[in-house]
Amino acid sequence: MNDSKAENQDKGKNIEENVDIEEKKKMKMLMKEQKTKGENQEAEKKVEEEKTKEQAEKEGDAETKEDASKSEEKANGKRKIDENQNDKDAKSKVNEEIDGNEKKRNERREIVKPLFEAMHGLSIERKKVITQMGFRDLIDFPINEVPTRLAFFVVDCLDVETMNLRLPTGNLQISPQTVKEVLGLPKGSRRLERNEEQREKDDRFEEEWKDQYKDETKWTISAISKQITKTTKTDFIFRMNFLMLVANTFGTCDKSSVAKATVLENVLEEDDVTEIDWCGYVYECARSSKSDWQQERGIGQR
């Protein structure tokens, strides 16, 4: 019986030992699982961190690229603005040159326009005065412009030595009589320029005539034309304005259309202007103007 008890005690002890062994195994397995789980979590955490880092780098690269793209766009925009400004400046310069050339062309073409405007709308009294002076054919003067090409063509064809127009169809002789037939100006026996008895420099009439244009920077043919159209008198001031306008339209004025004072200095109050050779004056102006034009362009006379 004692042996049986001892045997049972040994069995119980063995069972307890087996239980302990199993518990230890379970504990080891649990610990191993916990360790593995922890390692897995750590690994997952590292992977997540790597992913986060990689994403941040990508976003950083994207931001950098976006910033670079914006900078490039800004630079391109500035270049485009600069290019557009340069284009505008270039176009503006070209337009200025075109406007300047157009203005010069218009000045040449409209050299007869002031006379055209002044000769239309004249009163009966003024028409009578102009007729008495021998300029009836200029009343209601019909031409208001001369095409630039035509003007240059005529000047270029004029031979100042022989006063011939050398045209493709043949020569055309120019003379004071030709001027008479075309323009109908008086062809008297006296030259316009006096050899003596010229108007004195301090002449009261000259000062009175110039006083009309005290608000003008220059006395141009346009200013003279406007003065004729805005006044109504038929006195000597009007007659001088008319003669200055005619002489500087058909004769000569400087490059900026400023009137030369040849008539003012040589026509006196008591003069009969029908005795002056206005045709000869225009004829000589054509000769001298062609010579001046050739010298300006550096072309030899012919």
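None of the figures in this text is laboratory data; all of them are computed from the coordinates on show. Only a predicted model underlies this, so the values are computations on that prediction, with no experimental measurement involved. Note: ideal-geometry Cβ built from the backbone for every residue, glycine included; neighbour counts use all protein chains shown.
If we count other beta carbons within 10 Å of each Cβ, what is the order of 128, 180, 230, fewest first? Walk me through the numbers on the way to the answer.
Numbers: 128 13, 180 19, 230 7.
Fewest to most other Cβ atoms nearby, the residues stand as 230, 128, 180.
If amide H atoms are built 1.01 Å from N in the plane of the peptide, which residues on other chains or at least 5 residues away come under 5 Å of the amide H of residue 220?
Counting only residues 5 or more places away or on other chains, the set is 259.
Quick one: what are the phi-derived ³J(HN,Hα) couplings along segment 227-243, Karplus 6.51/-1.76/1.60 with θ = phi - 60°, whole Hz, x for glycine and proline?
Once rounded to whole Hz, the list reads 5, 5, 6, 9, 10, 10, 5, 10, 6, 5, 4, 4, 4, 5, 4, 4, 5.
Between their Cα atoms, which of 128/187; 187/214; 210/290 are more than 31 Å away from each other? Before the final figure, lay out each step's value.
On the way: 128/187 19 Å; 187/214 33 Å; 210/290 29 Å.
Flagged as over cut-off: 187/214.
Convert each backbone phi in segment 278-288 into a coupling constant with the Karplus relation 6.51 cos²θ - 1.76 cosθ + 1.60 (shift: θ = phi - 60°), then list the ³J(HN,Hα) values in order as whole Hz, x for Gly and Pro.
5, 5, x, 5, 5, 4, 5, 5, 4, 5, 5
Hey, what do the phi angles of segment 114-123 turn into as Karplus ³J(HN,Hα) couplings, whole Hz, using 6.51/-1.76/1.60 and θ = phi - 60°, x for Gly and Pro?
x, 5, 4, 5, 6, 8, 10, x, 5, 6
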